[in-house]
Each structure stands twice: as structure tokens, then as C-alpha cells.
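K.L.:
Structure in C-alpha cells, see below.
The values are calculated or read from the model by the stated rules, or taken from the named source; none is laboratory data. Every value quoted in this text rests on a predicted model; they were computed, and no experiment measured them. Positions of Cβ are backbone-derived with ideal geometry, glycine not excepted, and every protein chain shown enters the neighbour counts.
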Amino acid sequence: MSRPAIFITGAAAGIGRATAELYAAKGWFVGLYDLAGDAVAALHTQLGADHAIAEALDVTDAAAVAAALERFFARSGRLDVMFSCAGILTTGDFADIPIARHHLIVDVNLKGVINGAHAALPYLRQTRGACLINMASASAIHGAPGFASYGATKFAVKGLTEALSIEWAQYGIRVMDLLPLFVATPMVHDVAAPPKSITRMGVNLTAEDIAAKVWQVSQSKRLAHTHWYPGLQTKGLALANKLLPAFLNRYTTKLVSGY
């Protein structure tokens with residue numbers, strides 16, 4: 001297959017789905033992977049069998065991720081973009097969230113990204129100009145109350161991205177992440193008791209905004225540009241965290257979060 005190809009985890013809804021639709025519209029072959037098998041099957045029907053492949057996938061299962069990538073590569077013959085977008089969110093005071101849920105957040109948001117990167121590398125190496133794009137979050141800019149475990153996984157994804165961007169440069173593979181503030185997706189809308197930070201900062205980005213940024217990132221040839229901050233609000237937050245002294249960043253975070 002001569003068309004460029006993208007493998008997307010978390011493709012059933014939100015950012016993953018918007019990204020799949022955008023890349024399909026641009027003529028790419030799209031791999032649709034999500035724990036919600038029926039949803040990606042419906043999206044597969046929408047996009048067309050000639051333009052996509054879809055499977056139910058649990059990103060916490062390393063063997064399943066490896067097998068899915070093997071089947072995808074057998075069909076596409078290439079892997080131009082590996083987009084690790086699958087993630088889950090639970091907000092609230094750390095002590096009020098069951099420990100099993102904390103563990104699941106780590107398993108999906110961090111181990112799922114590690115599983116995808118590890119399994120994708122052989123195929124990325126075989127595709128000229130390939131890249132790995134990880135979905136991080138503005139929660140990785142400064143630890144945010146109410147998002148403790150979620151933010152911790154995104155800090156870890158940010159660190160993993162930085163390390164692999166250096167390691168994999170020898171193969172010509174670009175490794176980057178996106179760190180947006182709140183995005184209008186089911187993951188944010190379905191939060192039972194939204195933290196004050198969501199209502200105070202607002203939800204100013206759409207899934208389509210992030211999909212467009214994924215496209216921009218994948219087309220960039222800037223090897224050293226690792227972290228991307230979609231939206232002016234996110235850019236401002238990142239810049240403030242970099243320039244302000246630690247006590248002011250801490251105070252601002254407390255103020256916004258209401259703690």
C-alpha cells in the first residue's frame with residue numbers, strides 16, 4: 001500500500017475519532033483501535049473498508065497491542081504515525097478515589113503508551129519519516145489538585161517522550177507529545193463532579209482543534225521540537241510555569257483549583 005498510514009488508540013470518541021476522520025479525509029489509511037469495539041466498528045463503516053481497519057483493543061495488554069500492530073502493518077505495509085491517544089480520567093481528592101482506579105489510570109495512560117511505543121518501533125523504523133505522537137496534557141505542566149494520578153501519568157508520558165525523542169533520532173523517527181488544556185470531549189464532559197479548575201479555566205478547545213494539531217505535528221520536520229501546546233491559553237500556562245518562581249506557580253495552581 002502506497003498511502004501513508006496512522007495507527008490510533010482511543011479512536012472510538014473524542015480526539016482519537018476526530019483525528020481518524022481528519023486523516024481519512026486526507027487520504028491516509030487509518031487504524032482504529034479502542035476498548036469500545038462496537039464504536040470503532042461503526043467508525044470503520046463510516047470511513048469505508050478501503051480507508052481503515054478497526055479492532056477492539058485493550059492498550060494495557062502488551063501482547064494484544066503488539067499483535068494489533070503486526071496485523072495493521074501486514075495490511076498497510078507502513079506506519080507513518082503512531083498516535084497513542086487512549087486515556088481515562090477520574091477527578092477528585094486523591095484519597096477519595098479507590099486505589100484500583102488509581103492503578104487503572106496508570107495502566108491505561110502510561111503503560112498503554114509504553115506498550116504502543118515498544119510494539120510500534122520496528123514498524124516505525126521501516127517507514128521513512130515516521131513519528132510517534134503521545135497524548136499528554138497540560139496536567140503535566142504543574143501538578144494539579146484533583147488530577148493527581150492522571151497528572152502523574154501525563155508527567156511520565158512527557159518524560160518518556162523526551163527520552164525517546166533523543167533515543168530514536170538515530171533512526172530518523174520523530175517523537176513528540178501534545179499537552180492541551182481541557183478539551184470538549186466525552187472524557188471531560190462525563191466527569192461527575194468537575195473540579196473548579198475546569199469551570200474557572202473553561203473548556204476552550206475542541207477535539208477537532210487537537211486533531212488539526214496532530215496533523216501539524218506529524219507534518220513537522222523539526223526533530224528538536226518535542227512538546228506542543230495547543231491553544232493560546234495552554235501556551236501561556238506553559239510559559240508562566242517556565243518563567244515564574246516556584247512559589248508563584250504553586251499559588252496560581254492553588255487559586256485556579258480552589259484548594
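K.L.:
Run down 36, 49 and say which single residue is modelled with pLDDT of 95 or more and either hydrophobic (A, V, I, L, M, F, W, C) or under 30 Å from residue 258 (Cα atoms) (or both).
P.N.:
Values: 49 fails: modelled with pLDDT of 95 or more.
Matching residue, one of 36, 49: 36.
K.L.:
Based on what the data block shows, is residue 165 modelled with pLDDT under 95 and within 18 Å of the chain's Cα centre (by Cα)? Quick ask: steps written out before the conclusion?
P.N.:
Values: modelled with pLDDT under 95: no; within 18 Å of the chain's Cα centre (by Cα): yes.
The answer is no for residue 165.
K.L.:
Is there a residue being of a type outside the set (A, V, I, L, M, F, W, C), closer than 23 Å to residue 39 by Cα, in contact with a Ser or Thr (Cβ under 7 Å, 6 or more places away or on another chain) and buried (at least 18 other Cβ atoms within 10 Å of the Cβ) anywhere in region 86-103?
P.N.:
As a first pass, look at region 86-103 and keep what is of a type outside the set (A, V, I, L, M, F, W, C): 87, 90-93, 96, 98, 101-103.
Within this subset, residues satisfying the condition of being closer than 23 Å to residue 39 by Cα are 87, 90.
From the residues that got through so far, the ones that are in contact with a Ser or Thr (Cβ under 7 Å, 6 or more places away or on another chain) too are none.
No - not one qualifying residue is present in region 86-103.
K.L.:
Checking residue 43 against (1) buried (at least 19 other Cβ atoms within 10 Å of the Cβ); (2) in contact (Cβ under 8 Å) with a residue 40 or more places away in the chain, which test does it fail?
P.N.:
(2)
K.L.:
With the checklist (1) buried (at least 21 other Cβ atoms within 10 Å of the Cβ); (2) in contact with a helix residue (DSSP H, G or I) (Cβ under 7 Å, 6 or more places away or on another chain); (3) assigned to a helix (DSSP H, G or I) in hand, flag the one item residue 124 doesn't pass.
P.N.:
The single condition residue 124 does not satisfy is (2).
K.L.:
Does any residue in region 151-163 that is without any contact (Cβ under 8 Å) to a residue 40 or more places away in the chain come within less than 7 Å, Cβ to Cβ, of a residue that is surrounded by 18 or more Cβ atoms within 10 Å (Cβ to Cβ) and part of a helix (DSSP H, G or I) six or more places away or on a different chain, and which pairs are these?
P.N.:
Close Cβ pairs satisfying both conditions: 151/139; 151/140; 155/140.
K.L.:
Residues 221, 235, 242: which one is in a helix (DSSP H, G or I) and either within 22 Å of residue 174 (Cα to Cα) or at pLDDT below 80 (or both)?
P.N.:
On the way: 221 fails: in a helix (DSSP H, G or I); 242 fails: either within 22 Å of residue 174 (Cα to Cα) or at pLDDT below 80 (or both).
Answer to the selection: 235.
K.L.:
Then there's this: Name the residues in region 168-193 that are at pLDDT below 95, buried (at least 17 other Cβ atoms within 10 Å of the Cβ) and assigned to a loop (DSSP other than H, G, I, E, B), would you?
P.N.:
180, 181, 182, 185
K.L.:
Moving on to the next point. Could you list, in sequence order, the residues of region 127-150 that are in contact (Cβ under 8 Å) with a residue 40 or more places away in the chain and among the aliphatic types (A, V, I, L, M)?
P.N.:
130, 132, 133, 135, 136, 138, 141, 144, 148
K.L.:
For region 53-85, what are the residues that are in a strand (DSSP E or B) and buried (at least 23 other Cβ atoms within 10 Å of the Cβ)? Before you say what the answer is, go through the steps one by one.
P.N.:
Here is the first cut: in region 53-85, the residues in a strand (DSSP E or B) are 53-56, 81-84.
Hits for region 53-85 are 54, 81, 82, 83, 84.
K.L.:
Which of the residues that make up region 233-259 are under 19 Å from the mean Cα position of the chain (by Cα) and surrounded by fewer than 16 Cβ atoms within 10 Å (Cβ to Cβ)?
P.N.:
Answer for region 233-259, where residues must be under 19 Å from the mean Cα position of the chain (by Cα) and surrounded by fewer than 16 Cβ atoms within 10 Å (Cβ to Cβ): just 235.
K.L.:
Of the residues that sit in region 1-33 and are of a type in the set (Gly, Ala, Ser) and surrounded by fewer than 16 Cβ atoms within 10 Å (Cβ to Cβ), which one is modelled with the lowest pLDDT?
P.N.:
Of all residues in region 1-33, those of a type in the set (Gly, Ala, Ser) come to 2, 5, 10-14, 16, 18, 20, 24-25, 27, 31.
Within this subset, residues satisfying the condition of being surrounded by fewer than 16 Cβ atoms within 10 Å (Cβ to Cβ) are 2, 25, 27.
Working: 2: 79, 25: 96, 27: 96.
Looking at the filtered set, the residue picked out is 2.
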